[in-house]
Ligand code: PMP
């Protein structure tokens with residue numbers, strides 16, 4: 001296999017990157033009708049694969065999209081796709097769209113879903129951002145309300161998040177926070193938020209309206225194991241401004257410290273000890289918690 005050759009899984013077959021195309025009549029393209037996952041591979045370990053596949057199937061169930069594979073088959077397909085691409089560190093994008101239909105938005109015209117697994121090299125965030133922390137803002141666009149499009153569904157309809165991202169870009173901020181329609185902090189455009197208040201870790205509960213992040217869950221479990229008091233509790237922008245530490249979690253963001261929010265510096269404006277501790281422990285966890293791609297022992301260090 002050539003160094004940069006990429007094989008894409010498309011409905012049970014592998015095709016080269018250049019040939020991996022989808023019809024313009026696919027309702028994923030026409031209407032954002034579908035679901036997806038972003039997953040990381042760390043040193044041959046697909047981090048929390050089972051949980052990602054579970055969330056994909058939960059999202060699909062919610063939008064009445066029937067995926068023509070069992071969850072076990074999907075997990076195997078993901079592992080196989082990573083192996084086929086020969087990568088030890090990778091970013092996986094799993095997409096299931098409603099499939100090809102006619103131009104009406106009615107999904108009844110779509111015969112079968114398109115199931116796609118893309119495995120590519122990870123585009124790492126600038127290391128400096130993890131060391132120094134990032135500056136973020138809150139934006140006017142609110143998180144989708146759960147009674148319209150539930151933020152727990154990881155659907156292909158990401159326009160809410162994209163608008164937030166555009167607002168962050170225009171303000172020159174690294175990321176932006178969305179509030180829910182009641183004014184409570186929900187999440188970032190592509191990550192969950194934690195704050196430290198009186199030595200306790202707080203993250204918004206599910207009912208505030210955010211994606212149930214796999215990294216968020218891993219951090220809750222990790223922090224509890226390390227003896228921190230973790231609570232799922234709603235909080236406002238004010239709580240964020242006066243927090244002693246703030247960090248974001250996500251498959252792409254991993255655990256990233258936040259040192260400024262809306263022009264207010266968080267504590268002394270440098271990443272705090274709890275954030276650093278969790279970052280360190282998270283980097284150990286990602287190599288062992290999940291599904292192994294290769295049948296080898298980790299290299300001795
Ligand atoms: N919120 C949103 C809106 C996201 O898109 C993501 C990324 N999937 C997250 C939170 C973080 O979730 P995870 O840790 O599962 O990547």
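Of note:
- Pairs of Cα atoms nearer than 8 Å and 6+ residues apart set the relative contact order; for the chain it is 20 percent.
- Förster radius 30 Å - calculated FRET efficiency between residue 43 and residue 182, Cβ distance, rounded to 0.05: 0.10
- For region 1-42: rounded, prolate or oblate by the Cα gyration tensor [a/c cutoff 1.5]: oblate
- Share of Cα-Cα pairs in the chain lying beyond 31 Å, as whole percent: 32 percent
- The angle between the Cα long axis of helix 71-84 and the longest principal axis of the Cα atoms of the chain comes to about 90 degrees, rounded to the nearest 10.
- For the chain, the longest principal axis of the alpha carbon atoms and the long axis of helix 49-62 meet at an angle near 80°.
- The chain: angle of helix 159-170 to the longest principal axis, Cα-based, in degrees nearest 10: 50 degrees
- For 125, 194, 130, order by how many other beta-carbon atoms lie within 10 Å, fewest first: 125, 130, 194
- Shape category assigned to region 43-172 from the gyration tensor of Cα positions, a/c cut at 1.5: oblate
- Footprinting exposure proxy for 184, 241, 294 (fewest neighbouring C-beta atoms within 10 Å first): 294, 241, 184
- R0 of 45 Å, Cβ-Cβ distance residue 127-residue 105: FRET efficiency to nearest 0.05: 0.55
- Distance between region 27-74 and region 146-162 - C-alpha centres, whole angstrom: 15 Å
- Temperature 37 °C, viscosity 0.692 mPa s: under these conditions the Stokes-Einstein estimate for region 7-120, based on its Kirkwood radius over C-alpha pairs, is 229 µm² per second.
- Hull volume per residue, based on the alpha-carbon atoms of region 36-76 and their convex hull, is 57 Å³.
- Using the Cβ-Cβ distance between residue 212 and residue 18 with R0 set to 51 Å, the FRET efficiency from 1/(1 + (r/R0)^6) comes to roughly 0.90.
- When both region 109-133 and region 217-248 are represented by their alpha-carbon centers, they are found 25 Å apart.
- The chain: calculated mean residue ellipticity at 222 nm from DSSP helix runs of at least 4, using -39500 (n - 2.57): -8000 deg cm²/dmol
- When the square roots of the Cα gyration tensor eigenvalues are ordered a ≥ b ≥ c, the ratio a/c for region 152-257 is 1.5 or more and a/b exceeds b/c, which makes its shape prolate.
- 18 Å cut-off, amide nitrogen to a point 7 angstrom out along residue 283 Cα→Cβ, residues in region 226-248: 247-248
Read-outs: derived from the displayed coordinates by stated rules, not from any lab. Everything numeric in this text was worked out from a predicted model, so none of it was measured. Glycine also receives a Cβ, built like all others from the backbone with ideal geometry; neighbour counts cover every protein chain displayed.
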